[in-house]
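The values are calculated or read from the model by the stated rules, or taken from the named source; none is laboratory data. Bear in mind the structure is a predicted one, so any value in this text is a computation, not a measurement. Here the Cβ positions follow ideal geometry from the backbone for every residue, glycine too, while neighbour counts run over all protein chains shown. Quick note on the areas: whole protein, heavy atoms, side chains included, nothing else; ligands and nucleic acids left out. Shrake-Rupley method; radii C 1.70, N 1.55, O 1.52, S 1.80 Å.
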Amino acid sequence: MYDTSDIKKGLKVQLDGNPFSIVEFQFVKPGKGAAFTRTKFKNLLTGAIFEKNIRSGEKLEPANVEEKEMQYLYKQGDKFVFMDTETYEQLELTEEEVREGYQWLKDEMSIEILFYKDRPISVKLPITVNLKITSSEPGIKGDRVSGASKPAT
């Protein structure tokens, strides 16, 4: 069990049977009454965010989530195939499960997948990706308004 002093950004807890991640928190000590922590939670299943005040001394239950490092192998039809780097088991996820950023996946890329009750619930992609530009239109001479940016593939 977590105490209010253990609260930190990114901590995964269980509330009302659902896993949540702490997005933001602030310790508040009013002039009257007991101190509390104003906390924003993000539901790991739906993505909904809500705010709740937690009084000092309250306990929070740890969420039963597991984070695994996996390697992206290839795309097969409309599914993406990942391999667990420890057990070499393969996992197939759809575009909806990978969410945004699936177009940036490269072969043999290491990513982290969060599991809740042995079911993948989120995919954490790397912050930066090195890609190769295959084609680009020539820049327009004298175009200083757009900051010399141009479309590229």
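So, with a 1.4 angstrom probe, what is the percent of accessible area on the chain that is carbon and sulfur? Could the numbers behind the result be given before it?
On the way: 5230 of 10950 Å².
About 48 percent, which is the carbon plus sulfur part of the accessible surface.
If you build the convex hull over the alpha carbons only and average its shadow over all orientations, what do you get for the range 1-71? Give it in nm² to one decimal. Don't jump to the answer; show the numbers that get you there.
Working: hull surface 21.6 nm².
Dividing the Cα hull surface by four gives the mean projection, 5.4 nm².
Kindly state, to the nearest 0.05, the FRET efficiency for residue 42 paired with residue 83, given R0 = 22 Å and r defined as their beta-carbon distance.
Details: r = 28 Å, r/R0 = 1.27.
E between residue 42 and residue 83, to the nearest 0.05, is 0.20.
Beyond 23 Å, how much of the Cα-Cα pair distribution for the chain remains, as a whole percent?
Values: 6466 of 11628 pairs.
Value for the chain (Cα pairs over 23 Å): 56 percent.
Is it possible to state the helix-based mean residue ellipticity at 222 nm for the chain, with each DSSP H run of 4+ residues giving -39500 (n - 2.57), the sum divided by total residues, to the nearest 500 deg cm²/dmol? What is it?
On the way: 1 runs with 4 residues, N = 153.
Only helices count here, giving -500 deg cm²/dmol.
Extending each Cα 7 Å along its Cβ direction at residue 96 and residue 6, get the distance between those two points in nm, one decimal.
About 3.5 nm separates the two model spin labels.
Tally Lys and Arg at +1 and Asp and Glu at -1 over the other residues with C-beta under 13 Å from the C-beta of residue 61: what net charge comes out?
On the way: positive: 12, 59; negative: 3, 6, 16, 58.
Once positives and negatives cancel, what remains is -2.
Quote to one decimal, in nm, the extra length available between residue 61 and residue 28 on full extension: 0.36 nm per residue of separation minus the C-alpha distance between them. The partial results should precede the final answer.
Numbers: separation 33, 0.36 × 33 = 11.88 nm, distance 2.16 nm.
Residue separation times 0.36 nm, minus the Cα-Cα distance, leaves 9.7 nm.
Probe 1.4 Å, all protein chains in place: accessible area of residue 86 in Å², nearest 10?
Rounded to the nearest 10, the figure is 150 Å².
Once the piece of chain linking residue 104 and residue 152 is laid out straight, how much longer is it, given 0.36 nm per residue of separation minus the C-alpha distance between them?
15.8 nm
Could you do me a favour and compute the accessible area per residue for the chain, 1.4 Å probe, result in Å²?
Normalised by residue count, the accessible surface of the chain is 72 Å².
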